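Written out below as structure tokens is the structure these notes cover.
Readers should treat all values here as calculations from the given coordinates under stated rules, not as data from a laboratory. Bear in mind the structure is a predicted one, so any value in this text is a computation, not a measurement. Don't worry about glycine lacking a Cβ; one is built from the backbone with ideal geometry, like all the others, and counts go over all protein chains shown.
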Amino acid sequence: MKKIQMVDLQGQYQKIKDVVNTSFEEILNSSAYINGPYVKEFQSDLEKYLNVKHAIPCANGTDALQIAMMALGLKPGDEVITVDFTFAASVEVIGLLRLTPVLVDVEVDTFNMNIEALKRSITPKTKAIVPVHLFGQCANMEAILEIAKEHDLFVIEDNAQAIGANYTFSDGTVKKAGTIGHVGTTSFFPSKNLGCYGDGGAIFTDNDNLAHKLRGIVNHGMYKRYYHDVVGVNSRLDSLQAAVLKAKLPYLDSYCNTRKKAAEFYSNAFKDHPNIITPKISKFSTHVFHQYTLRITNQRRDELHKYLIDKNIPNAIYYPVPLHAQKAYKNSRYNEKDFTGTNQLVNEVISLPMHTELDAEQLNFISQAVLTFLNK
Ligand SMILES: *Cc1c(COP(=O)(O)O)cnc(C)c1O
């Protein structure tokens, strides 16, 4: 059996090696390292794939969130609502911009924003909502958009984990994750579903004015060289990364499909087990399985984690500490009883190896190891 890895990007590279190596050589020979033709080409391919008017490449998914918030004109003191159970990037940039983070609970079955908690958290100071499409499946965007409309709020989708997922509205309209809110962001970190060979990110919007602001902010607030109209940042996708992404984008749907097949294998192996809850798939969103995350309900999650490590099966706890309990983000206005979902999940979740190179033998070995431990 091949060595099991949490993430294995070698297989993908081997399949696109000739294209990537040729474009790298071309870039190295042309010295167009920044803003070369590959960046424009990838941007345009991505706009087509997502069916969105503007994709603005940038340096990483965290910058993408920060730049989106800057372009929306959010000001210190504005409250921005995001989820308590996610990677820290969203709350981090809210803090950096001196906005006020308001963390809300998630649903234990989908890991995504709890709509009732969202409603309770809105105050006259609320200016934006940042749903995170966690582990590869969209939050309840229809409900979130309705609430945003009612209270005149911006919706910024953190789509770092669900690029390629489709969201279906109740009237049958289908949109790509990341293109549903006023603005969407993503990350091309190597282990993401569409990953480059370094850091990368992008911002999406259908709004021409907003796109113009975003394009300025990523480039030091310049529209004309050395004329700075607004305060910006330096956040660029480089040509080498754009070349990798351009080569990979045509395969994104097949990557997502392979992940889904692996997830189906796992979920089938674990179905009906009394101590395991497999990922729930929402009615309104496809799931692209950035992570395959189980809930272990008999308080033996930590033991299972160690058991699997001993068997050389990598696995991870995403996420071990709720954001409201992190040293950097603690705040006396948070109340434990508002975070029953997250507080439960941090003790139950375990993510199994998930990538495009898992074979049946490995999936079977991993599943059997989980079952053997839980049936002991
Ligand atoms: C990875 C990730 C980010 C940050 O992306 P970087 O490119 O690493 O800055 C933001 N939000 C979520 C949910 C992520 O998973």
* Structure fact -> Semi-axes in Å, largest first, for the range 97-201 (Cα gyration tensor, √(5λ)) are 23, 17, 13
* Tail fraction, Cα-Cα pairs, the chain, threshold 25 Å, whole percent -> 55
* Peptides ranked, highest mean first, by Cβ atoms within 10 Å: ranges 139-152, 214-227, 76-89 -> 76-89, 139-152, 214-227
* Asked: What residues of the range 57-90 lie in the reach of a label at H305, counting those whose backbone N is under 17 Å from a point 7 Å from the Cα along Cα→Cβ?
  -> 85-88
* What residue among G136, G178, G36 has the largest mean-square fluctuation in a Gaussian network model of the chain, using Cα springs under 10 Å? -> G36
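Going by average Cβ density within 10 Å per residue, which order do the peptides 49-62, 19-32, 109-122 take, highest to lowest?
Per-residue mean Cβ counts within 10 Å order the peptides as 49-62, 109-122, 19-32.
Note down the magnitude of the dipole of the chain about its Cα centre, charges +1 on Lys and Arg C-beta and -1 on Asp and Glu C-beta and zero elsewhere, to the nearest 20 debye.
Rounded to the nearest 20 debye, it is 300 debye.
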* Per-residue Cβ neighbour rank within 10 angstrom, fewest leading, H290, H212 -> H212, H290
